[in-house]
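Enquirer: Let me begin by handing over the structure; questions about it come next.
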Amino acid sequence: MSIKKRGNIWWARFTHDGQEIQRSSGTEDKAAAQEWHDQLKASLWRQDKLKERPAYIWEQAVERWLTERLDKPTAYIWKLQLRWLHPHLSGMKLTDIGQEKINQIRLLKQKDTVNGKTEVKPRTVNAILNLIRSILRAAIEWEWIDRAPVFKLLAEPTRRVRYLSQDEERALLNELPLHLKQISRFALSTGLRMSNILTLEWSQIDIARETAWIHADQAKANKAISIPLNTDAMAIINEQLGKHTSHVFSYKDKPILRANGRAWREAVKRANIHDFNFHCLRHTWASRLIQAGVPTHALMELGGWSDIAMVRKYAHFGAEHLREYADKIVTQKNNLD
């Protein structure tokens, strides 16, 4: 017997071809863990002697998938989602992850709660399902598996664009601590995503030209973005000079990992603002530009979007170009009179 208990979980530990193998069985059942251990040893023997394809497990796929994407701004979100998934897929062979298992995970996530109160939204469930799909599709590219299960996502209700009114903006900024206030003001001035703001370094700022750059590997659309900094944005940049050697925004001499944590949520609550998150600052920025008459193609460039469809959701905020058509019915009525 080569299994050992760590906490409540049984682990396999043995030597294969001169290499020490240590893996979690993912179970608290000793008999099941022993059976899994024996199957693992047999599988490694078949791979070595019969040249069979290795039976890769979920953790191996997660490790490689994450390693290839650690430089992405959303990596910290994936890690949180994978932490939730771990007890449900730990130790499973990729070939054993089928529609039935996916359905179980979907139902479990649907019944999950946020802060012990509210059931999660379809969008949150779909984020988990899309993560599984992405990892399994990557495993196909790596030739670890031949196929992945096909499954549908939950229907998501059409979401209205949530943006701040001027009064809400003042209330929020009054409640935020200074470092979050500066970050939020910068978001409202530039439309940058939270991850791009928090990873922004001085090497990406040209103060003389009043411009910032987001590298392609930092951008959601994988395209470099040039950001012209307006007067408000430059004022915020100047306020940060000398605070940190590499990062533009910092707190207590350290880069900031998240700007939407407890301090942010409590400030939003104190400001009596509802149905609002940090990304809505980007919506506010885009909506105000459209209302100011900025054409959609210019907004698309400023916001770093690769698809015009992503910009059209703001188009209804700028209907001035349609006024001459709306006024035609008034003209016709006047002619009849």
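Enquirer: Scanning for something surrounded by fewer than 16 Cβ atoms within 10 Å (Cβ to Cβ) and not in a helix (DSSP H, G or I), does the range 186-200 turn up at least one residue?
Expert: Let us first name the residues in the range 186-200 that are surrounded by fewer than 16 Cβ atoms within 10 Å (Cβ to Cβ), namely none.
No; the residues of the range 186-200 include none that is surrounded by fewer than 16 Cβ atoms within 10 Å (Cβ to Cβ) and not in a helix (DSSP H, G or I).
Enquirer: Also, I was wondering about something else. Being at pLDDT 90 or above and among the polar types (S, T, N, Q) is the filter here, so list the residues in the range 37-66 that pass it.
Expert: Once the filter is applied, which keeps residues that are at pLDDT 90 or above and among the polar types (S, T, N, Q), the range 37-66 yields only 60.
Enquirer: Now, a different point. Any residue that is in the same structural domain as residue 289 (by TED's automatic domain parsing), surrounded by 20 or more Cβ atoms within 10 Å (Cβ to Cβ) and in a strand (DSSP E or B) - is there at least one of those in the range 220-236? So that I can check it myself, show each step before the final result.
Expert: Just the residues of the range 220-236 that are in the same structural domain as residue 289 (by TED's automatic domain parsing), to begin with: 220-236.
Filter once more, keeping what is surrounded by 20 or more Cβ atoms within 10 Å (Cβ to Cβ): 225, 227, 229, 233, 236.
Those left that are additionally in a strand (DSSP E or B): 225, 227.
Yes, the range 220-236 has at least one match.
Enquirer: Can we say residue 67 is under 27 Å from residue 221 (Cβ atoms), touching a residue at least 60 places away in the same chain (Cβ under 8 Å) and surrounded by fewer than 16 Cβ atoms within 10 Å (Cβ to Cβ)? I'd like the intermediate steps shown before the answer.
Expert: On the way: under 27 Å from residue 221 (Cβ atoms): yes; touching a residue at least 60 places away in the same chain (Cβ under 8 Å): no; surrounded by fewer than 16 Cβ atoms within 10 Å (Cβ to Cβ): yes.
Considered against the rule, which asks whether it is under 27 Å from residue 221 (Cβ atoms), touching a residue at least 60 places away in the same chain (Cβ under 8 Å) and surrounded by fewer than 16 Cβ atoms within 10 Å (Cβ to Cβ), residue 67 comes out as no.
Enquirer: Further question: Picking from 161, 125, 62, which residue would you name as being closer than 27 Å to residue 266 by Cα, among the β-branched types (Val, Ile, Thr), touching a helix residue (DSSP H, G or I) at 6+ places or on another chain (Cβ under 7 Å) and not in a loop (DSSP other than H, G, I, E, B)? So that I can check it myself, show each step before the final result.
Expert: Numbers: 161 fails: not in a loop (DSSP other than H, G, I, E, B); 62 fails: closer than 27 Å to residue 266 by Cα.
Exactly one of 161, 125, 62 is closer than 27 Å to residue 266 by Cα, among the β-branched types (Val, Ile, Thr), touching a helix residue (DSSP H, G or I) at 6+ places or on another chain (Cβ under 7 Å) and not in a loop (DSSP other than H, G, I, E, B), namely 125.
Enquirer: Okay, next question. What number of residues in the range 266-283 are more than 12 Å from residue 194 (Cα to Cα), under 19 Å from the mean Cα position of the chain (by Cα) and surrounded by 13 or more Cβ atoms within 10 Å (Cβ to Cβ)?
Expert: Taking the range 266-283 and keeping what is more than 12 Å from residue 194 (Cα to Cα), we get 266-276, 283.
Then drop every residue that is not under 19 Å from the mean Cα position of the chain (by Cα), which leaves 275-276, 283.
From the residues that got through so far, the ones that are surrounded by 13 or more Cβ atoms within 10 Å (Cβ to Cβ) too are 276, 283.
Residues flagged as more than 12 Å from residue 194 (Cα to Cα), under 19 Å from the mean Cα position of the chain (by Cα) and surrounded by 13 or more Cβ atoms within 10 Å (Cβ to Cβ) within the range 266-283 amount to 2.
Enquirer: Continuing with this model, one more query. What pairs can you find where one residue is in the range 32-43 and farther than 17 Å from residue 8 by Cα, the other is of a type in the set (Gly, Ala, Ser) and not in a helix (DSSP H, G or I), and their Cβ atoms are less than 7 Å apart, with a gap of 6+ or different chains?
Expert: 40/12; 43/55
Enquirer: Looking at residue 110 and the list (1) more than 30 Å from residue 198 (Cβ to Cβ); (2) modelled with pLDDT of 95 or more; (3) of a type outside the set (Ser, Thr, Tyr), which single condition is not satisfied?
Expert: The one condition residue 110 does not meet is (2).
The values are calculated or read from the model by the stated rules, or taken from the named source; none is laboratory data. Just so it is clear, the model here is predicted, and its values are computed rather than measured. Counting neighbours? That spans all protein chains shown, and the Cβs are built from the backbone with ideal geometry, glycine included.
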